[in-house]
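The structure appears right after this line, and notes come after that.
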Amino acid sequence: MKKFYIKTFGCQMNVNDSEKMAGILRSLGYEKTDLPEEADLIIVNTCSVRAKPDNKAYSFIGNLKKIKKEKPETIIAVGGCVPQKEKESILRFKHVDLVFGTFNFMKIGELIERAKKERVVEILNSKIPEEDKVPLIDSYLENVCVAYVTVQRGCNRFCSYCIVPFTRGRERSVKPELVFKEVKRLAERGVKEVHLLGQNVDFYNYEGIDLADLLYMVSEVEGIERIRFTTSHPCGFNRKIVEAMKNIEKVCPYVHLPPQSGSTKILERMNRGYTREEYIERVMMLKEEIPEVALSGDFIVGFPGETTKDFEETLSLVETCVFDQGFVFEYSPRPFTKASNFKDDVPKKEKNRRLQELQNLLRVQAEEKNKKRLGCIEEVLVEGKSPKGKELSGRTKDNKLVVFDGSEELVGKFVEIEITETSPFFLKGKLLQKVKV
Ligand code: SAM
Ligand code: SF4
């Protein structure tokens with residue numbers, strides 16, 4: 001049996017695209033391996049949203065030269081966001097046999113067959129008719145009980161720092177019937193929790209059916225016990241979605257709503273489409289309606305023109321909104337974006353100082369929130385081994401990572417855990433009982 005190895009960089013959507021490619025390969029008789037050296041086919045799914053993953057992908061691709069030299073029959077394929085806009089940066093690696101973009105990953109089987117005969121470079125610039133059929137592919141699931149479902153691709157918003165509209169094209173929503181079918185199929189395969197993915201999932205719209213409508217539809221699928229959706233955008237996140245979250249028991253009280261900055265001046269330069277006050281007002285509405293909700297967000301520090309005062313406004317926004325989790329990134333200029341023409345005027349050292357300060361504040365908030373869970377009994381869906389491998393881990397409905405001792409037969413089950421220890425990043429607890437299978 002031929003073996004494939006996939007290395008994925010970047011966001012959940014890339015992970016989901018890789019799972020789909022793996023599903024296609026499995027249907028073609030390939031078997032997955034975790035060792036690139038023993039693979040007949042190596043796929044690198046790249047990310048270009050920040051300079052860091054971009055560079056990591058280049059060095060990973062460079063290192064594959066050794067394998068190609070030792071086993072020249074190995075097919076090396078590079079796909080995703082980097083080749084979509086900058087294929088030359090991949091073509092310079094002469095050991096790469098196949099280069100493809102973000103619009104044709106579902107054609108991977110056919111592309112590989114061609115790459116066995118000659119070098120293939122296929123970058124499409126817009127949606128192809130087959131794209132609507134993507135959800136019908138059974139993705140290869142690493143996790144037996146939690147699965148991603150991409151419901152929206154691309155983005156129309158053109159934030160001035162962001163490369164996504166250039167690499168993933170215009171925003172398009174997947175037909176609700178196809179989403180429903182895919183979720184049903186996942187439930188039949190034992191999945192209990194689905195994450196509906198979109199770059200701005202709140203703008204989901206298929207012929208008038210919006211995200212709230214989709215949540216009601218998906219909640220009808222028997223066997224699915226939890227539904228999450230991500231990423232939310234402050235301009236699209238609205239009362240109707242909050243009402244759906246309140247009305248549908250299966251929808252988890254967790255929202256990833258990236259503010260990016262707390263300064264209206266910077267938000268304007270970022271072309272985010274909302275002010276500091278509007279962001280805070282959205283969060284307050286959410287917390288008033290669903291007091292137990294967990295909030296997370298992304299932040300960019302050191303955006304061109306960000307003064308100490310602007311940064312302090314970000315800190316104060318965080319103090320006002322109180323986050324359960326936050327992801328902070330130092331601004332890095334990306335090609336094709338409007339901001340790449342702005343002067344990158346915050347020194348690297350200062351960007352890093354701001355990153356540390358904001359991360360510290362977010363850590364303190366997370367720690368305080370998690371401390372309140374001490375002694376509480378939490379319902380946890382067991383996902384597998386803990387990151388360190390010794391214990392089991394799973395998540396609460398509001399997305400807190402919980403680690404505990406237990407046997408592997410609990411994976412995929414709901415259990416009750418008494419929280420005995422807390423930290424900013426996870427909770428530790430004692431298994432009380434299995435609640436439901
Ligand atoms: N669509 C989501 C939104 O609007 O919030 C975010 C999608 S983006 C793929 C993921 C995160 O990467 C962003 O929220 C932002 O914080 C970060 N990011 C994007 N471009 C960046 C850049 N040029 N420099 C640093 N961070 C960046
Ligand atoms: Fe990028 Fe902005 Fe679109 Fe998010 S909304 S993907 S940050 S352009």
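No value in this document is a laboratory result; all are computed from the given coordinates. Here the structure is a predicted model, which is why all the values come from computation and not from measurement. Using ideal geometry, Cβ is built from the backbone for each residue, glycine included, and neighbour counts are taken over all protein chains shown.
When Val146, Val151 are screened for being more than 9 Å from ligand 2 (Cβ to nearest atom), among the aliphatic types (A, V, I, L, M), touching a residue at least 60 places away in the same chain (Cβ under 8 Å) and over 15 Å from Met13 (Cβ atoms), only Val146 passes.
One residue stands out in the range 46-78 among those that are in contact (Cβ under 8 Å) with a residue 60 or more places away in the chain and not in a helix (DSSP H, G or I): the one that is surrounded by the fewest Cβ atoms within 10 Å (Cβ to Cβ), namely Arg50. Tell me whether the range 331-342 contains one or more residues that are touching a Lys or Arg at 6+ places or on another chain (Cβ under 7 Å) and crowded, with 20+ Cβ neighbours inside 10 Å. Yes, some residue in the range 331-342 is touching a Lys or Arg at 6+ places or on another chain (Cβ under 7 Å) and crowded, with 20+ Cβ neighbours inside 10 Å.
Checked against (1) out of contact with any Gly (no Cβ under 7 Å at 6 or more places or on another chain); (2) more than 14 Å from ligand 1 (Cβ to nearest atom), Thr167 passes all but a single condition, namely (2).
Might you check whether a residue that is out of contact with any strand residue (DSSP E or B) (no Cβ under 9 Å at 6 or more places or on another chain) and surrounded by 18 or more Cβ atoms within 10 Å (Cβ to Cβ) occurs anywhere in the range 87-100? Looking for residues that are out of contact with any strand residue (DSSP E or B) (no Cβ under 9 Å at 6 or more places or on another chain) and surrounded by 18 or more Cβ atoms within 10 Å (Cβ to Cβ), one finds at least one in the range 87-100, hence yes.
When the test is whether a residue is more than 26 Å from Met245 (Cβ to Cβ) and loosely packed, with under 13 Cβ neighbours inside 10 Å, Gly375 passes it. Residues of the range 263-282 that are within 13 Å of ligand 1 (Cβ to nearest atom), part of a loop (DSSP other than H, G, I, E, B) and either aromatic (Phe, Trp, Tyr) or touching a helix residue (DSSP H, G or I) at 6+ places or on another chain (Cβ under 6 Å) (or both): Tyr274 alone. Exactly one residue among Arg168, Arg172 is within 16 Å of ligand 2 (Cβ to nearest atom) and in contact with a Cys (Cβ under 7 Å, 6 or more places away or on another chain), and that residue is Arg168.
Residue check: is Thr102 more than 30 Å from Phe329 (Cβ to Cβ) and of a type in the set (S, T, N, Q)? Here the answer is no, as Thr102 does not meet what is asked. So which pairs qualify, if the first residue must be in the range 156-168 and closer than 17 Å to Thr275 by Cα and hydrophobic (A, V, I, L, M, F, W, C), the second must be more than 9 Å from ligand 1 (Cβ to nearest atom) and part of a loop (DSSP other than H, G, I, E, B), the Cβ gap must be under 8 Å, and the two must be at least 6 apart or on different chains? What qualifies is Phe158/Asn271; Cys159/Met270; Cys159/Asn271.
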